Amino acid sequence: MAQEIDKGNIRSEQFTREKRTIQLHGHCQQKALTSVAGSVKILSLPENYSVGTIPSGCCGMAGSFGYEKEHYELSQKIGELVLFPTVRRQGADVIIAAPGTSCRHQIKDGTGRKALHPVEVLYEALV
């Protein structure tokens, strides 16, 4: 999507001008291979969207690791290091975004907040 923005195929005029704040938790694979810069770029496309990144490492799920009974407690401890407390501090009006499926499940299970995939955030912002 970031490349399509660069090509001019996706433009800010296609999205709401409403002011929103987003906190992004990047997926471990994404952080290991590249960066979250592409996700920040696409989430920043709506003119008045402000995007911050949660300074977290792994959410604790590591794919299916956190779903396994013998790893659940450790998975929750990892989430409690940075991710869960940061999400809990956000106001209800702040959008929590996470591209990883397991990350979104971990955020929901650990904090009760629903995290959206960045594409869902943009879909909801379309005019």
Helices (runs of 4 or more DSSP H) wholly inside the stretch 31-96 that include at least 2 residues being farther than 30 Å from Gln3 by Cβ: 72-81, 83-89
Selection within the stretch 97-106 - among the aliphatic types (A, V, I, L, M) and either over 17 Å from His27 (Cα atoms) or part of a helix (DSSP H, G or I) (or both): none
Hey, Tyr72 open to solvent by 30 Å² or more (accessible area, probe 1.4 Å), under 16 Å from His105 (Cα atoms), at pLDDT 90 or above and hydroxyl-bearing (Ser, Thr, Tyr) or not: yes
Any chance Glu124 is loosely packed, with under 14 Cβ neighbours inside 10 Å and at pLDDT 95 or above: yes
Cβ-Cβ under 8 Å pairs, at least 6 apart or on other chains, the stretch 11-30 side under 18 Å from Ile107 (Cα atoms) and open to solvent by 50 Å² or more (accessible area, probe 1.4 Å), far side outside any helix (DSSP H, G or I) and of a type in the set (Phe, Trp, Tyr): Thr21/Tyr49
The stretch 45-69 - residue that is of a type in the set (S, T, N, Q) and buried (at least 16 other Cβ atoms within 10 Å of the Cβ) and, of those, farthest from Ser12 (Cα to Cα): Ser56
Scan of the stretch 97-115 for residues that are open to solvent by 10 Å² or more (accessible area, probe 1.4 Å) and polar (S, T, N, Q), ordered by number: Thr101, Ser102, Thr111
Close pairs from the stretch 100-127: first over 17 Å from Glu73 (Cα atoms), partner among the small types (Gly, Ala, Ser), Cβ under 7 Å, at least 6 apart: Arg104/Ala98; Arg104/Ala115; Ala115/Ala97; Ala115/Ala98; Leu116/Ala97; Pro118/Ser39; Pro118/Ala97; Val121/Ala97
Sole residue being of a type outside the set (D, E, K, R) and modelled with pLDDT under 95, chosen from Thr101, Thr86: Thr101
So Arg88, is it buried (at least 17 other Cβ atoms within 10 Å of the Cβ), of a type in the set (Lys, Arg) and without any contact (Cβ under 8 Å) to a residue 60 or more places away in the chain: no
Selection count where residues are within 11 Å of Leu24 (Cα to Cα) and in contact with a strand residue (DSSP E or B) (Cβ under 8 Å, 6 or more places away or on another chain), scope the stretch 48-96: 10
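The values are calculated or read from the model by the stated rules, or taken from the named source; none is laboratory data. Just so we're clear, the structure is a prediction, and the values are computed from it rather than from any experiment. Methodologically, a virtual Cβ is constructed for each residue, glycine included, from the backbone with ideal geometry; neighbour enumeration extends over all protein chains shown. Protein only, heavy atoms only, side chains kept; ligands, DNA and RNA dropped before computing areas. Shrake-Rupley method; radii C 1.70, N 1.55, O 1.52, S 1.80 Å.
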